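Just so it is clear, none of the values below were taken in a lab; they were calculated from the coordinates. These numbers were taken from a predicted model, which means no experiment stands behind them. Using ideal geometry, Cβ is built from the backbone for each residue, glycine included, and neighbour counts are taken over all protein chains shown.
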């Protein structure tokens, strides 16, 4: 950093000019006397300036991020940049762009946490992509040296979340304990895996041919219409032969009734318990193809990962669909 004080005339008045030059960046400040110019803290003034606007290789990370976001918004005027800002904000742990190195970023990305837990694999991958693109842009703008910005992250699989299901005893206990008005809808969800909101909430008795099949019309199906055949015989025990109107009044009403029934029975109803239970037990009793078609699912990988509890045995699955349960 070079500091020079010179005398000059500005609009006819004598002024003392403080000129600070650093890596090609130059700033000037004018004073009335040489004493004022000499006592001025030029070092702090220049450092502050480096944090306010780009300054070549000395550009601060904060300034670079601000410039990058502005450039991004110019190129994509309708884009929501909040997530981008959040991801890039983690780089402010470095003062200047030139201080950032891929190895340091690898260590940083593996140490980041959210609500007390390390970032998930998908979060790390997203951050990695955002950081690499930003840093390549910085190199292009000459805020950082040209280098390979590839960030290596550990290939750690996130532990699978255990899929909550009902035991056969819990399922039949719930059917017996729940308000009779909600029993048909609860049975359909437990033994066909029909989606509770959207499909089940709009299904009508006229869509059911008792003892034979159930039709999920296209206007209420999440994807395409489907007809469900070869249903477990136990289901007809809970469905009236001559029902009329909608099978489920509202999902809220059924949910409240189910919650009260589970409380009386002494167990917690798992999230999406009926659909997950049907997928898990149906896999062993009727096979994957039938189970996925019945519940209206089309993705094998998603079914295996998010719907099927792999700790269940075929013997337990048979009990779930047992016709002679009381």
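Using 0.36 nm times the number of residues separating residue 206 and residue 5, minus their current alpha carbon distance, what extension gain do you get? Mind showing how you got there, number by number?
Numbers: separation 201, 0.36 × 201 = 72.36 nm, distance 9.29 nm.
Value of the extension gain: 63.1 nm.
Placing pseudo-labels 7 Å out from each Cα toward the beta carbon at residue 162 and residue 74 gives an inter-label distance of 5.5 nm.
Stretched out straight at 0.36 nm per residue, the stretch from residue 110 to residue 299 would grow longer than its current Cα-Cα span by 64.9 nm. Compute the angle between helix 102-111 and the longest alpha-carbon principal axis of the chain, please, reported from 0 to 90 degrees and rounded to the nearest 10. Approximately 40 degrees, to the nearest ten.
Sort 211-217, 194-200 by the packing proxy (mean of other Cβ within 10 Å over each peptide's residues), most packed first. Each step should come with its number before you reach the end.
Numbers: 211-217: 16.0, 194-200: 19.7.
So the order, starting with the most tightly packed, is 194-200, 211-217.
Each peptide among 296-308, 265-277 gets the average number of other Cβ atoms lying within 10 Å of its residues, and from highest to lowest they stand as 265-277, 296-308. Dividing the helix sum by the residues of the chain, where each DSSP H run of 4 or more adds -39500 (n - 2.57), gives a mean residue ellipticity at 222 nm of -12000 deg cm²/dmol.
Extension gain residue 39-residue 82, at 0.36 nm per residue separation less the Cα-Cα distance, in nm?
11.2 nm
Axis angle, to the nearest 10 degrees, between helix 168-177 and the longest C-alpha principal axis of the chain: 80 degrees. Computed from Cα positions, the angle between helix 183-192 and the longest principal axis of the chain comes to roughly 70 degrees. Give, as ranges by residue number, the residues of region 57-88 whose backbone N falls under 20 Å from the point 7 Å along Cα→Cβ of residue 120. Only 82-88 pass the distance filter. Below 8 Å between Cα atoms, with a sequence gap of 6+, how large is the relative contact order for the chain in percent? Relative contact order, the chain: 13 percent. A Gaussian network model of the chain, with springs between Cα atoms under 10 Å, assigns the largest mean-square fluctuation among 185, 171, 34 to 34.
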